[in-house]
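Engineer: What follows is a single structure, and I will ask about it in a moment.
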Amino acid sequence: MGKHGLTVRGDSLYCPLPLSLEPYWWCEPNCPHCYFRGLNHVWGSEMRPIDIPSLERKLTAGMRNKNPKTPLAHCLAERKTIRVGNKTDPFQPAEEMYRRSTEAIELLCKLRWTFVIQTRFPSRAWDMNRDTLLGGAPTNRGLVTFLPIISPGAE
């Protein structure tokens, strides 16, 4: 995962949500039941927010790519729906300080890109992005889906 925070699943041709965006390389809740908890050990304990200008460059270049060669480039060229928060929660407490998830959502709305917000804090996600999501209505209608989730698996 580069500075832009985008990754793609290996089974991208078959998965309905192969493209994911991780606004942070660390998940503060570090839930004991989460099967992604091990990534905190791999990524380290430093909170590293994504670089929004890098994300914007990656998305806009991907949309213009007429000859994609990698699975990530293919998903971007086809403007596949982006799952925000596949491995880390985008609306963890750090969001109040860094606001990278909020900035990423504003960018996705500006680019008219469909996305799913996968979070265990849906009310925080809604409260922090209500103006963006409603302010563009009806143009933003249909862009976002909320997926409240708790990922079990590491018991």
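Engineer: Roll a 1.4 Å probe over the protein chains and send me the accessible area per residue for region 48-155 in Å².
Structural biologist: 51 Å²
Engineer: If you keep only loop residues by DSSP, which chymotrypsin sites (Phe, Trp or Tyr not before Pro) in region 46-155 have at most 16 other Cβ atoms within 10 Å of their Cβ?
Structural biologist: When the chymotrypsin sites (Phe, Trp or Tyr not before Pro) of region 46-155 are filtered for loop state and at most 16 Cβ neighbours within 10 Å, nothing remains.
Engineer: Trypsin sites (Lys or Arg not before Pro), restricted to region 37-106: which are DSSP loop and have at most 12 other Cβ atoms within 10 Å?
Structural biologist: Sites meeting the loop and neighbour criteria: K66, K69.
Engineer: Can you give me the P(r) profile for region 55-123? Cα pairs, bins 10 angstrom wide beginning at 0, each as a whole percent.
Structural biologist: 20, 47, 27, 6
Engineer: Now a separate question. Please list 3J(HN,Hα) in residue order for region 50-63, calculated via the Karplus relation 6.51 cos²θ - 1.76 cosθ + 1.60 where θ = phi - 60°; whole Hz, with x for glycine and proline.
Structural biologist: 5, 9, 5, x, 5, 4, 4, 4, 5, 5, 5, 5, x, 5
The values are calculated or read from the model by the stated rules, or taken from the named source; none is laboratory data. Quick caveat, the model's predicted, so the values are computed rather than measured. When we count neighbours, we look across all protein chains shown, and the Cβ atoms used for this are built from the backbone with ideal geometry, even at glycine. In case anyone asks, the SASA skips ligands and DNA or RNA and just uses the protein heavy atoms, side chains included. Shrake-Rupley method; radii C 1.70, N 1.55, O 1.52, S 1.80 Å.
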